[in-house]
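Enquirer: Please find one structure pasted underneath; my questions will follow.
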Amino acid sequence: MNISWSPKAWELFEELKWNIANRSSSKSAEKYAMELLLKINELSSYPERYPPCRNLKFKALEFRCFTHKKSYTVVYRVTDCIRIIGFIHSKRHPNNQFKDIFE
């Protein structure tokens, strides 16, 4: 199954790399990003591998979520393709990030 990204998802992905680089190093940020991309690409073979999001707003939109290394949650939806919607830092409440994903 094909994977597509919303423009906002790409923006949030770049932002998470920048945040990791500022907290740690650019090498750590690149390693984290590559591991995350590999996990996302695995969705093409197993799109329903992860459960629907527990957050009610996301669940109502049929989003699925998984957390990578306890730091960022990937939000995606499965339709005729896999659509990466966005990323949420695990220390932030999804309701506070909801509009950030859709701006």
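The values are calculated or read from the model by the stated rules, or taken from the named source; none is laboratory data. Predicted, not measured: the structure shown is a model, and the values here were computed from it. Glycine also receives a Cβ, built like all others from the backbone with ideal geometry; neighbour counts cover every protein chain displayed.
Enquirer: Out of all the residues in the stretch 32-49, which are buried (at least 18 other Cβ atoms within 10 Å of the Cβ) and among the hydroxyl-bearing types (S, T, Y)?
Expert: Across the stretch 32-49, the qualifying residue is only Y32.
Enquirer: Additional query: Consider S45 carefully, then state whether it is modelled with pLDDT of 95 or more and of a type in the set (G, A, S).
Expert: Taking the combined requirement at face value, the residue satisfies it.
Enquirer: Determine if the stretch 55-72 includes at least one residue that is free of Cβ contacts under 8 Å to residues at least 12 places away in the same chain, farther than 19 Å from I3 by Cβ and either surrounded by 13 or more Cβ atoms within 10 Å (Cβ to Cβ) or of a type in the set (F, W, Y) (or both).
Expert: Yes: the stretch 55-72 contains one or more residues that are free of Cβ contacts under 8 Å to residues at least 12 places away in the same chain, farther than 19 Å from I3 by Cβ and either surrounded by 13 or more Cβ atoms within 10 Å (Cβ to Cβ) or of a type in the set (F, W, Y) (or both).
Enquirer: Exactly one of (1) farther than 15 Å from G86 by Cα; (2) part of a helix (DSSP H, G or I) is unmet by S44. Its number?
Expert: For S44, the failing item is (2).
Enquirer: Residues of the stretch 50-74 being basic (K, R) and modelled with pLDDT under 95, which ones?
Expert: Result: R54, K57, K59, K69, K70.
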